[in-house]
1. Fully extended, how many nm does the chain gain between A51 and N151 (0.36 nm per residue separation, minus their Cα-Cα distance)?
2. Order the peptides 191-203, 73-85 from the highest to the lowest mean number of other Cβ atoms within 10 Å of their residues.
3. Could you give the length gained by full extension between H72 and L158, i.e. 0.36 nm per residue of separation minus their alpha carbon distance, to one decimal place?
4. Over 27 Å between C-alpha atoms is what I'm after, so list which of K165/K203; K74/K203; K165/K234 land there.
5. Counting other beta carbons within 10 Å of each Cβ, put D230, D204, D70 in order, fewest first.
6. As an exercise, use a Förster radius of 45 Å and the Cβ-Cβ distance of K165 and E116 to find the FRET efficiency, rounded to the nearest 0.05.
7. Starting from the Cα of S199, move 7 Å in the Cα-to-Cβ direction to define the label point; list residues of the range 132-159 whose amide nitrogen is under 19 Å from there.
8. Based on the Cβ-Cβ distance from F135 to E61, what FRET efficiency comes out when R0 is 30 Å, to the nearest 0.05?
Amino acid sequence: MRRHGKWLFRRAIRTTLAFLGLLISATGVAGAMQTENKQETAAYERGERGALDPLTPEEQEAAERIARGDAHVKQALGENGVRLVSAVPVIIKRGESPEKVDVHQRTIEVVLFRPEGEVGARVIVNLRQKEAADFQRLEARQVPFTSDDLNDAFQIALRSPEVLKVLGPEAQSFHVQISKTQPEAAPPQNEVTGLPVRSSDPKDPCYRHRCMQLHFRHGTDYLSLAVDVDLTAKHAVLETRSSR
């Protein structure tokens, strides 16, 4: 009985120590969370933006300017005829520990593209340090399509006598699809929309080239035709319903 009592006593001590350990650990976590909350509050009061908050026009302008000014970008793309494809906030993870991520850093991924020569670039911009932290050259097929590509494809299509003949006198009245960032603007009566085209056949030009298929809307109805445009070769082919 005496040995049994000592065993119970030792077990009670271990249980108490374990409980105290958990209590201390929980207190430490709570303290860390409280500190983090205070830091977030202070950052908010200072007007600092979160890592993934939408870019302000000033931030986008600054990120684009820094990216365009990077020596690697100038060497790969030059300075003339370079378009902004996108600029979005990202979080760059350093190491394996999530604690190493600064949730208040403003790191922007900027994608640029030069249609002449079809050269693209991905640049990571650190807005706080006002510098380009990383550069990656992109192939044409890695660069997303934008409204600029749609406009280029439409201009190529308008140089085709076949397309002009089918569209008739209203050909010049068509306008490229309005960006969704402008909801206040009413869509035109005659509108051109486009879908990126990529072939899985190595023999097809669109396997490597940047291609887009154009569709034409008159009012609420789509015309029964489409135009396949090879932006790389600057060539357009008319498709009608009977040929599809």
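Just so you know, all these numbers are worked out from the coordinates, no wet-lab data involved. These numbers were taken from a predicted model, which means no experiment stands behind them. Neighbour counts run over all protein chains shown; Cβ positions are idealised from the backbone, glycine included.
1. Taking 0.36 nm per residue and subtracting the Cα distance, the gain is 32.7 nm.
2. The densest-packed peptide leads the list: 73-85, 191-203.
3. Result for the pair: 27.3 nm of gain on full extension.
4. K165/K203; K74/K203
5. Final ranking by Cβ density, sparse to dense: D204, D230, D70.
6. Plugging the Cβ-Cβ distance into 1/(1 + (r/R0)^6) gives 0.90.
7. Hits in the range 132-159 for S199 at 19 Å: 140-142, 153, 157.
8. Using R0 = 30 Å, I get an efficiency of 0.95.
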